[in-house]
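The values are calculated or read from the model by the stated rules, or taken from the named source; none is laboratory data. Predicted, not measured: the structure shown is a model, and the values here were computed from it. Cβ: placed from backbone, ideal geometry, glycine included. Neighbour counts: every protein chain shown.
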Amino acid sequence: MNSLTDDRRLRELLDRLHAASDRQIAAIDEYDRAGGPRPTGFEPDGAPERTFWLDKYVALDRDKAEFVYALCRAAGATRIVEAGTSFGVSTLYLAAAVRDNGGGLVTSGDIEATKAAVARRHLDEAGLSSSVDVLVGDVRETLPAIEDPVDVLLLDIWAPIAGDVAATVGPRLRTGGIIVADNTLARRQLYAGLFEHLDDPANGFTTQTLPFDGGLELAVKTAAGHPA
Ligand SMILES: C[S@@+](CC[C@H](N)C(=O)[O-])C[C@H]1O[C@@H](n2cnc3c(N)ncnc32)[C@H](O)[C@@H]1O
């Protein structure tokens with residue numbers, strides 16, 4: 001089964017959510033042009049840097065999301081972790097992949113409780129909520145609790161915090177496991193922490209920036225790496 005083609009309810013939901021995300025791009029561009037503060041992922045509750053993004057999807061582009069779905073299928077992924085749920089667009093693809101692989105669990109974390117609540121509604125609507133655990137809170141606090149071997153880690157979170165997540169979840173990835181991170185070409189400097197982790201031979205990764213819009217990082221854990 002390929003839910004992306006065979007599940008009409010999911011396809012229609014994804015059409016609607018990608019369209020809603022795309023409709024917000026002009027407002028985000030305008031905010032950036034006006035010098036609106038970009039969040040780092042480290043801001044506490046109530047920080048002004050977080051306010052603008054509360055109603056923004058910032059969804060993973062559809063071609064990237066479909067690629068991630070295909071990767072998860074190729075890897076036979078049944079245990080997936082995601083940093084950055086937002087309204088659950090990429091999470092729907094991950095949940096579809098574990099279901100199509102025969103069943104499993106996606107753990108996805110977002111700091112904004114209101115966004116996580118909407119993501120849960122979308123997962124319910126798609127009939128995929130039993131495959132997903134949405135954790136509310138700072139991923140630096142919620143994701144370290146994960147102990148199982150992880151097949152795929154999707155980093156779709158503000159770039160400066162991605163290195164901390166890779167350092168936490170990276171050691172839980174099985175050999176042959178995958179990290180995907182969005183916009184690594186466009187935000188190379190902001191991803192310094194992530195590349196510090198990926199480029200350290202002790203962590204066992206080989207990584208490439210794929211030529212999607214803004215770059216999409218594909219890091220494969222080719223060696224066991226040192227335990228955390
Ligand atoms: C690019 S969006 C995620 C988009 C989502 N993956 C999708 O495709 O719909 C990034 C998300 O990271 C969340 N975030 C930022 N800092 C965080 C942190 N420290 N812990 C958890 N989530 C955080 C934001 O609230 C935002 O919803």
Q | Residue in segment 130-145 that is farthest from A77 (Cα to Cα), counting only those that are out of contact with any Ser or Thr (no Cβ under 9 Å at 6 or more places or on another chain) and crowded, with 18+ Cβ neighbours inside 10 Å | A | D138
Q | Given (1) away from the ligand (no atom under 13 Å from the Cβ); (2) buried (at least 18 other Cβ atoms within 10 Å of the Cβ), index of the condition R121 fails | A | (2)
Q.
Any residue at all in segment 98-117 that's more than 14 Å from the chain's Cα centre (by Cα), surrounded by 24 or more Cβ atoms within 10 Å (Cβ to Cβ) and modelled with pLDDT of 95 or more?
A. yes
Q. Which of (1) at pLDDT 95 or above; (2) in contact with an Asp or Glu (Cβ under 9 Å, 6 or more places away or on another chain); (3) more than 28 Å from G193 (Cβ to Cβ) is the odd one out, the single condition L17 does not satisfy?
A. (2)
(Q) If I ask for residues that are within 16 Å of the ligand (Cβ to nearest atom) and either within 13 Å of D7 (Cα to Cα) or of a type in the set (A, V, I, L, M) (or both), which ones from segment 99-110 would you list? (A) V106
Q. Taking the stated definitions as given, is A145 at pLDDT below 95, away from the ligand (no atom under 12 Å from the Cβ) and out of contact with any helix residue (DSSP H, G or I) (no Cβ under 6 Å at 6 or more places or on another chain)?
A. yes
Q) So which residues in segment 42-63 are among the aromatic types (F, W, Y) and assigned to a helix (DSSP H, G or I)? A) F52, W53
Q. How many of the residues in segment 49-63 are near the ligand (Cβ under 9 Å from one of its atoms) and of a type outside the set (F, W, Y)?
A. 7
Q) How about segment 203-228: which of its residues are closer than 18 Å to V165 by Cα and at pLDDT 95 or above? A) N203, G204, F205, T206, T207, L216, E217, L218, A219, V220, K221
Q: Could you look through segment 152-164, keep only residues that are more than 11 Å from the ligand (Cβ to nearest atom) and surrounded by 23 or more Cβ atoms within 10 Å (Cβ to Cβ), and pick out the one that is nearest to T175 (Cα to Cα)?
A: V152
**Q.** Selected residue (criterion: farthest from A224 (Cα to Cα)) from residues of segment 148-169 that are in contact with a helix residue (DSSP H, G or I) (Cβ under 6 Å, 6 or more places away or on another chain) and of a type in the set (G, A, S)
**A.** A162
Q | Single condition E12 does not satisfy, out of (1) part of a helix (DSSP H, G or I); (2) more than 8 Å from the ligand (Cβ to nearest atom); (3) touching a residue at least 40 places away in the same chain (Cβ under 8 Å) | A | (3)
Q) If you take the residues in segment 64-82 that are of a type outside the set (A, V, I, L, M) and in a helix (DSSP H, G or I), which one is nearest to the ligand (Cβ to nearest atom)? A) K64
**Q.** Residues of segment 15-41 satisfying the condition of being of a type in the set (G, A, S), surrounded by 13 or more Cβ atoms within 10 Å (Cβ to Cβ) and outside any helix (DSSP H, G or I)
**A.** G36, G41
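I'd like to know if segment 173-182 contains one or more residues that are within 10 Å of the ligand (Cβ to nearest atom) and at pLDDT 95 or above.
Within segment 173-182, one or more residues are within 10 Å of the ligand (Cβ to nearest atom) and at pLDDT 95 or above.
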Q.
Among the residues of segment 24-52, what is the count of those that are without any contact (Cβ under 8 Å) to a residue 24 or more places away in the chain and under 29 Å from A97 (Cβ atoms)?
A. 1
Q: Would you check which residues across segment 83-115 are assigned to a loop (DSSP other than H, G, I, E, B) and among the hydroxyl-bearing types (S, T, Y) and list them?
A: T85, S86
